[in-house]
Amino acid sequence: MNETRRALLDELAAGPVSGPALADRLGVSRAAVWKQVETLREAGFEIESTDAGYVVQRVPEFGAAAVEYGLDVPYSIEYHETIGSTNDRGRELATQGARDVVVLADEQTGSRGRLRRAWTAPSGGVWLSIVFRPECPPAHAPIYTLAAAVATTRAAREAGVDASIKWPNDVLVSSANEDPSDGSDDVLVRDDATERGGRKLAGILTEMEGEADRVSWILVGIGVNANVDVDALPEGATSLRAEAGDVERRLFVQRLLEVFDALRGDPETILDAWRDYADTLGRRVRVETATETIEGEAVDVAFPGALVVRTESGDRTVHTGDCDHLRPV
Ligand code: BT5
């Protein structure tokens, strides 16, 4: 990754800085600094040369340098205007030994969800995959899916969208007139034939590789329908644009990465943060696992990300599955 670019962006974000001072701080020649500044200009940065040094006047809307400029966490960004799947590219980088890299794209042409379902990713979205190498056993990996859901939800809320989390990996905007079920014995139907409990704003796909007792790498893929028309999305989906208007995607991504990184550094806080944003808890749910269907009230989430469902025959802890919110008719 381009460490000089990242260091230069950090210096520029901190205020006016002269070419010689930059060369000195970055340990490169003045010509190298000048070349990097020109590259940033070509990428859409407006950088003025003043008596005090270089001053950034304008940052492009999106791209690797745009997201790295002012980013408070040490991820390097690899940006693609269009790519098959950021998760596929992330996997490639991970197997080459990369860490703390984010693959980011404006558009994906072959992206996927869980169970290899197709994921629609038109231009204007936030499609990214974070590659990192936590020191934990493979069984703990699902906690990072929850962290990603919290980070996405917080960034969406700060952008003015009333997002919440549906277990395990969906960020939704609930329909206005829904009330969590009172647990009565009425006949229950799925919340909405197409919406499965709200309009889907974002989805998360976590992949990993590990040995018996240690994770080698984890890849958290996050897809957020950002500045996208709902017409370009599958039925039942929504976007930041549709809910609250367009966002500055570089700031949205920065916020998401900063929240994710803070949670990642303090995994014990993830479950409580998730509970705060969860729309699933307290609701009647139906969870389809690979082998059975479990119905009951979602009462809690347990480490590393299991849903606890209170059924007629007792509490069940469900680790994976598709969850529907139910409502009485
Ligand atoms: C997910 O799967 O929700 C995980 C999606 C992860 C996408 C990201 S984008 C960056 C990274 N690179 C990738 O290749 N993937 C990740 P799942 O829970 O299986 O939901 C998939 C279902 O959501 C599909 O079957 C559709 O019904 C629906 N869907 C597809 N595209 C959508 C979209 N843009 N918005 C909302 N719903 C969508």
Accessible area per residue, 1.4 Å probe, Å², for the chain: what's the number? 45 Å²
Applying 1/(1 + (r/R0)^6) with R0 = 30 Å to the Cβ-Cβ distance of Arg157 and Glu61, what FRET efficiency is obtained, to the nearest 0.05? 0.90
If you take the square roots of the eigenvalues of the alpha-carbon gyration tensor of region 284-328 and sort them as a ≥ b ≥ c, do you get rounded (a/c under 1.5), prolate (a/b over b/c) or oblate? rounded
With a 1.4 Å probe and all protein chains left in place, how much of the accessible area of the chain comes from carbon and sulfur atoms, in whole percent? 44 percent
With angles folded into 0 to 90 degrees, how steeply does helix 3-14 sit against the dominant principal axis of the chain? Use alpha carbons for both and round to 10. 90 degrees
Place a +1 charge on the Cβ of each Lys and Arg in the chain and a -1 charge on the Cβ of each Asp and Glu, then give the dipole magnitude about the Cα centre in debye, rounded to the nearest 20. 660 debye
Sorted by average packing, counted as other Cβ atoms within 10 angstrom per residue and highest first, what order do 144-151, 319-326, 98-105 take? 144-151, 98-105, 319-326
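The values are calculated or read from the model by the stated rules, or taken from the named source; none is laboratory data. Predicted model, so just to flag it, every value in this text is computed and none were measured. Neighbour counts run over all protein chains shown; Cβ positions are idealised from the backbone, glycine included. The area values use the complete protein model at the heavy-atom level, side chains included, leaving out ligands, DNA and RNA. Shrake-Rupley method; radii C 1.70, N 1.55, O 1.52, S 1.80 Å.
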